[in-house]
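Accompanying notes for the structure given below.
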Amino acid sequence: MQKTYQIMILVIAAVLPLAGCAELMAPANSMTHSEPGVAPPPAAQREISDPARFQNSADRESALDSAIELSKKFAALSEEMAKMQAEKEQLVVENKELKLQIEKLYPEAEQARKELAEANDLLVEMRIELNNWKSDVLGFREEIREADKIQLEALLKILRVLGGEEVSADAAAEANGN
């Protein structure tokens, strides 16, 4: 804030001498007054050296007001710039932190991708083995039934040889029921 006041004082110090040019032009004023017997200067020269144009208080006040207004705008813009620079520094620090975090997480993500690919391959392989096992089991069902049938026929032959009688299914049910 103190810097703003210093800048404002410098601007005012630069503008005030321009507003007080009437005192500086006083010696030139005495030279421009026409003396008897001397021709008056041309109109363009009178406008340049006319001290009355520097004594207009409205111009002096508007220049001073303009300088103060500009110094206020400069102060406001300086504060805004300082805020933006602080914000930029904060964003730069945050960006660096995020980059470090990414660098730490990237190898973990790569490892996870690698493990996921391996797990996927293992799952596909296990599914293939399961399908093969199912087809093997379902394929052997008929063979197992045939083997069981042959085994029952062999037992029936053994029972006949030992002297057993063959009983029909209906007769076996009646015997068990009584």
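The values are calculated or read from the model by the stated rules, or taken from the named source; none is laboratory data. Nothing here was measured: the structure is a model prediction, and the numbers come from that model. Note that we place each Cβ from the backbone using ideal geometry, even for glycine, and neighbour counts take in every protein chain shown. For accessibility, only protein heavy atoms count, side chains too; no ligands or nucleic acids. Shrake-Rupley method; radii C 1.70, N 1.55, O 1.52, S 1.80 Å.
Loop-resident GluC sites (Glu not before Pro) (DSSP state other than H, G, I, E or B) in segment 77-168 with no more than 16 further Cβ atoms inside 10 Å of their Cβ: 165, 166. Length available on full extension from residue 65 to residue 174: 0.36 nm per residue minus the Cα-Cα distance, which gives 26.4 nm. Label sites at residue 152 and residue 116, each approximated as a point 7 angstrom past Cα along Cα to Cβ, lie 5.5 nm apart.
Computed 3J(HN,Hα) for segment 79-94, one whole-Hz value per residue from the Karplus formula 6.51 cos²θ - 1.76 cosθ + 1.60 where θ = phi - 60°, is 5, 4, 5, 5, 5, 5, 5, 5, 5, 5, 4, 4, 5, 5, 5, 5, glycine and proline marked x. Ratio of Rg to Rh for segment 85-164: 1.74 [Cα atoms; Kirkwood radius as inverse mean 1/r over pairs].
Sorted largest first, the spans of the alpha carbon positions of segment 69-125 along the three principal axes are 80, 17, 6 Å. Label separation (residue 72 vs residue 91): 3.0 nm, computed from points 7 Å beyond Cα along the C-beta direction. In the context of the full protein assembly, residue 155 retains an accessible surface of approximately 90 Å², using a probe radius of 1.4 Å and ignoring ligands and nucleic acids. Can you list the lysines whose alpha carbon sits under 29 Å from that of residue 72, skipping same-chain ones fewer than 8 residues off? Partners within reach: 3, 83, 88.
Note on residue 71: accessible area is roughly 10 Å² with a 1.4 Å probe, heavy atoms of protein only.
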